[in-house]
There are 2 protein chains.
Amino acid sequence: MAHVVKIVTSNPGKWEELYTMLSSRGLDCIWIRERVRELQSEDLAEIVLASGIEAYEKWGGGVLLEDSGLFVTALGGFPGPYSAYVFRTIGVKGLLKLMEGVQDREAWFKSAICYISPDGSQSIFTGEVKGILAAEPRGTGGFGFDPIFIPAEGDGRTFAQMTVGEKNLYSHRARAVQKLLKHLGLTG
Amino acid sequence: MAHVVKIVTSNPGKWEELYTMLSSRGLDCIWIRERVRELQSEDLAEIVLASGIEAYEKWGGGVLLEDSGLFVTALGGFPGPYSAYVFRTIGVKGLLKLMEGVQDREAWFKSAICYISPDGSQSIFTGEVKGILAAEPRGTGGFGFDPIFIPAEGDGRTFAQMTVGEKNLYSHRARAVQKLLKHLGLTG
C-alpha cells in the first residue's frame, strides 16, 4: 500500500529530517513549503492539531505537520512552544545568558506531529528527549537551538555536531515519527 | 445612543484599565472573563483580529479584545506578542538579566484593540508608548512588565508606580482606546 505524505513546513531542516525517516520506510513525501497559522499555547499537541486542520482544509488528506520546542526546566519551560521566535530574537546567546550561574541545565526537546489521513482522521504523535544545555554552541548541523543541546543518551556531542542520521537516532522528532510509522503499519 | 461593550479578557488588570476608560465615556461594559484562542504572530493586530472573530462567533456583536506586548529594541523586539508567556516563565528577573550590560534600554509597549460592532463590522485600533527599561522593578500597580517600564513622557516613575488613572494618561492601551472612542463618536 503506497502512502503519500504531504509534509507542510517552511523549515528546510525539519523537512530534511522528516523526509529522511519517512522515505526510508517507503513513503512518498511531498514538501509543501508553506507556513500555516499556529495557535499560542503551551501544549504542542494543541498547536499542531489546529494547524493540521487548517492544512487539511487547504491541501486535503495525507498532510503531516510537526511542531517542536526546547523546554528548559530551570526557566519554567521557556522557550517552549515559542522556541523559533526566541531563536530569531534573543538567539542562542540570549538563552545562554539566561542560564549564567544556573546550576540545573536540564532541558527537553519535545515534538508533536499531526497527521491527517486521506479519509480525514486526525492523529497526534509526540516524542521527547532529555538533555543538558552546553556552555557554548558547538556544531553547524540541525537548526534552532541544536548547537547547545546535548542529549543525555549521546556521547557528549550536541545535536548540531551530528549528521541527520545520527540525530534521528535520539531526537524528539524521530521518536514522534516512530509512533506515526507504527500507526501506519510500517515498523518492525 | 447607548453602546454596550463586551470586554473579553481573563486579565483583571486589563479589564480594570479598559473599564475605567470606556465607562467614563458613558459606555456600558460587560466583562466576559474568558480566554479566546490566540494566533502566533509578530503582528498584534493580526492576533487580535483572529481572536475577535472567534469571540464574535461566541458572544455576538459588541465584543472588544485587546492584545499588547513589550517590544525591547536591543532584543529584536523580544518578548513582543509573547510577553505574557515570557512573564510567566523567566519573568521580570529574566528580562533584566538579558539586559545586563546592554546600553540601549529603549522599549515600546504596543497595544491592538479589535472591536466588532453589533452589525459585525470589524475595526482595529493600535497604540504605542516609548520608554526605557528600569534597572530594578519598582511599584506594585499594573501587571506584567509594568514594574520595569518607565514611559518617556512621564516623571520617571514606572507604570507600576502609577494609579490606573495616571497610567491611562500615557499608556499604549489608552491610546488605542482613544481611537476606538473617536470611531464611536465619543470624544471631544
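Quick check, is B:Glu100 more than 26 Å from B:Ile7 (Cα to Cα) and charged (D, E, K, R)? Judged against the criteria, B:Glu100 is a match. Considering only residues in region A:89-118 that are among the aromatic types (Phe, Trp, Tyr) and surrounded by 19 or more Cβ atoms within 10 Å (Cβ to Cβ), the one that is farthest from B:Glu100 (Cα to Cα) turns out to be A:Tyr115. For region A:56-88, filtered to residues that are at the interface with another protein chain (Cβ under 9 Å from one of its Cβ atoms) and among the hydroxyl-bearing types (Ser, Thr, Tyr), the residue that is surrounded by the most Cβ atoms within 10 Å (Cβ to Cβ) is A:Tyr82. For region A:20-43, a residue qualifies if it is within 12 Å of A:Glu66 (Cα to Cα) and at pLDDT 95 or above, and the qualifying residues are A:Val36, A:Glu38. Mind listing whichever residues of region B:25-43 are more than 25 Å from B:Gln178 (Cβ to Cβ) and among the hydrophobic types (A, V, I, L, M, F, W, C)? Hit for region B:25-43 is B:Leu39, nothing else. Quick one: count up the residues across region A:75-112 that are hydroxyl-bearing (Ser, Thr, Tyr) and in contact (Cβ under 8 Å) with a residue 12 or more places away in the chain. Summing the residues that are hydroxyl-bearing (Ser, Thr, Tyr) and in contact (Cβ under 8 Å) with a residue 12 or more places away in the chain in region A:75-112 gives 3. Taking region A:44-62 as the range and being under 18 Å from the mean Cα position of the chain (by Cα), farther than 17 Å from A:Lys179 by Cβ and not small (Gly, Ala, Ser) as the test, the residues that pass are A:Glu46, A:Ile47. For region A:127-146, the set of residues classified as in contact (Cβ under 8 Å) with a residue 24 or more places away in the chain, assigned to a loop (DSSP other than H, G, I, E, B) and more than 24 Å from B:Phe78 (Cα to Cα) consists of A:Gly141 only.
Please list, ordered by first then second residue, the pairs with beta carbon atoms under 6 Å, 6 or more apart or interchain, first in region A:151-172 and modelled with pLDDT of 95 or more, second among the acidic types (Asp, Glu). Note: pairs meeting the criteria are A:Phe159/A:Asp146; A:Ala160/A:Asp146; A:His172/A:Glu128. Being closer than 23 Å to B:Gly165 by Cβ, of a type in the set (S, T, N, Q) and free of Cβ contacts under 8 Å to residues at least 60 places away in the same chain, is that true of even one residue in region B:29-41? Within region B:29-41 (the criterion being closer than 23 Å to B:Gly165 by Cβ, of a type in the set (S, T, N, Q) and free of Cβ contacts under 8 Å to residues at least 60 places away in the same chain), the answer is no, since none of the residues qualifies.
The number of residues in region A:13-26 that are of a type outside the set (Val, Ile, Thr), touching a residue at least 24 places away in the same chain (Cβ under 8 Å) and either crowded, with 17+ Cβ neighbours inside 10 Å or under 14 Å from A:Arg173 (Cβ atoms) (or both) comes to 7. Scanning region A:89-104 for residues that are more than 7 Å from every other protein chain (Cβ to nearest Cβ) and either in a helix (DSSP H, G or I) or under 20 Å from B:Phe71 (Cβ atoms) (or both) turns up A:Gly91, A:Val92, A:Lys93, A:Leu95, A:Leu96. Between B:Ile124, B:Ile53, B:Ile30, the distinction of being assigned to a helix (DSSP H, G or I), more than 27 Å from A:Phe87 (Cα to Cα) and more than 10 Å from every other protein chain (Cβ to nearest Cβ) belongs to B:Ile53 only.
The values are calculated or read from the model by the stated rules, or taken from the named source; none is laboratory data. Since this is a predicted model, take the numbers as computed values, not measurements. Heads up, the Cβs are rebuilt from the backbone with ideal geometry, glycines too, and the neighbour counts pull from every protein chain shown.
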